[in-house]
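For reference, the structure discussed in these notes is given below.
Every read-out reported here was derived from the displayed coordinates using simple, explicitly stated rules and does not represent laboratory data. The structure displayed is predicted, hence computed values, not measured ones. Quick reminder, even Gly has a Cβ in these numbers, built from the backbone with ideal geometry, and neighbours come from all protein chains shown.
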Amino acid sequence: MSQSTDKTGVLVMSYGTPQSMDDVEAYYTHIRRGHPPTPELLADLKGRYEAIVGGVFPLRENTNGQVAGLQDKLEQLAPGRYVCYQGLRHASPFIEDGVEAMAKDGIKQAVAIVLAPHYSTMSIGGYMKRAKEKADELGIRLAEVESYHLHPKLLQALTERVQDGLRRLDLASGGAEPVKVLFSAHSLPAKIREIGDPYEQQLLETSKAVAEQANVEHWQFTWQSAGRTKEPWLGPDILDTLQTLSEEGVKGVLVAPVGFVSDHLEVLYDLDIEAKQVAAGLGMTLERIQMLNRDPLYMETLAESIQEAASAFTV
Ligand SMILES: CC1=C(CCC(=O)O)c2cc3nc(cc4[nH]c(cc5[nH]c(cc1n2)c(C)c5CCC(=O)O)c(CCC(=O)O)c4C)C(CCC(=O)O)=C3C
Ligand SMILES: [Fe+2]
């Protein structure tokens, strides 16, 4: 039996990435709910990882760094109160492993948060469902941070990155005008619209707030990284948007993938390699804002959101 503790656990959840190239098939099979990918799909995914992985899978390093950075920040704000545990959706340590580790340490109450700012039933809702089931089973009270897409410090961090990105774009394109800021996020199956899912609206709210704070007049929102299935996904896709912008005479594009918080496949491949190449073929310069990774303002966004959710335990 474990000793019970007064500490509040923090279950920090993220998508997860393979441990090694040999692990890609198992990872992809997990994403596909147990259905192994065809050899073509597997080769395609491996090829994309090979293009971005230099030894370590970047998302693994970044998630580890974010969890450590968050622990430090919480320690500053409330010494000795919080202990962070990692739980990944599609890779080890899985969400359930994180909850089990908390139970082993005698944790009785915990806050669950995802390293993604916008709520969707298909994304955050899915993480929370698994966390809650395991926590209920092990007798841990769980409070949830559902979204933090308008937290002032998140907006500030993104605004600074858009301003910096526009300066870099100006240098890279030799000052060619006009330019447009393209806010983006991972597409989801279009059927989420029928259930009144808040994902789209929250993404537009973040984009609008950042555009206002950064004084950006010309911007639009677009989707990226849609799945390779027959069902319709939310669009327009960024590659089509680039085509449209080139027809409108746009010369420079700054992509701000506000739906993501780390350097990983969707950013390092889908934007930095694929979208950049398409833009170049259309005679446009494409730059991307720096990802948040361990940015102190992002760590504060997470820590403050956790503290607010944990206030449920003191009443
Ligand atoms: C909403 C959302 C986010 C953002 C919110 C969040 O972060 O949770 C996100 C992030 C990520 N998605 C990632 C990777 C992948 N996602 C895939 C497939 C899918 N994603 C979906 C949704 C999302 N995904 C969906 C509906 C599918 C279809 C299959 C299904 O119904 O579940 C596939 C399969 C092949 C492909 O389609 O490319 C891969 C490899 C990585 C890790 C990258 C790395 O390892 O560096 C990250 C951060
Ligand atoms: Fe994904």
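Tabulated results
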quantity: Segment 152-288 - percent relative contact order, Cα under 8 Å, separation 6 or more; calculated: 35 percent
quantity: Inter-probe distance in nm under a simple model that places probes 7 Å from Cα toward Cβ, at GLU61 and GLU75; calculated: 2.2 nm
quantity: Where GluC sites (Glu not before Pro) fall in DSSP loop in segment 188-273, at most 11 other Cβ within 10 Å; calculated: GLU217, GLU248
quantity: Extension reserve of the THR314-GLN290 stretch, reckoned as 0.36 nm per residue once the Cα distance is removed; calculated: 4.9 nm
quantity: Å³ per residue enclosed by the Cα convex hull of segment 223-277; calculated: 96 Å³
quantity: For the chain, calculated [θ]222 nm from helices alone, where every DSSP H run of n ≥ 4 adds -39500 (n - 2.57); calculated: -14000 deg cm²/dmol
quantity: Segment 17-47: trypsin sites (Lys or Arg not before Pro) in DSSP coil with no more than 11 other Cβ atoms inside 10 Å; calculated: ARG33
quantity: Equivalent ellipsoid, segment 152-288 (semi-axes from 5 times Cα gyration tensor eigenvalues, Å); calculated: 23, 19, 13
quantity: Contact order relative to length of the chain, as percent, for alpha carbon pairs under 8 angstrom and 6 or more apart; calculated: 23 percent
quantity: Overall Cα dimensions of segment 47-166 - principal axes, largest extent first, Å; calculated: 49, 38, 29
quantity: Dimensionless Rg/Rh of the chain - Kirkwood Rh, Rg from C-alpha atoms; calculated: 0.98
quantity: At R0 = 30 Å, FRET efficiency that the Cβ-Cβ distance of GLU96 and GLU274 yields, to 0.05; calculated: 0.35
quantity: Segment LYS104-ASP6, extension gain: residue separation times 0.36 nm, minus the distance between their alpha carbons; calculated: 33.9 nm
quantity: Rounded Å value of the spacing that divides the Cα centres of segment 268-315 and segment 189-216; calculated: 15 Å
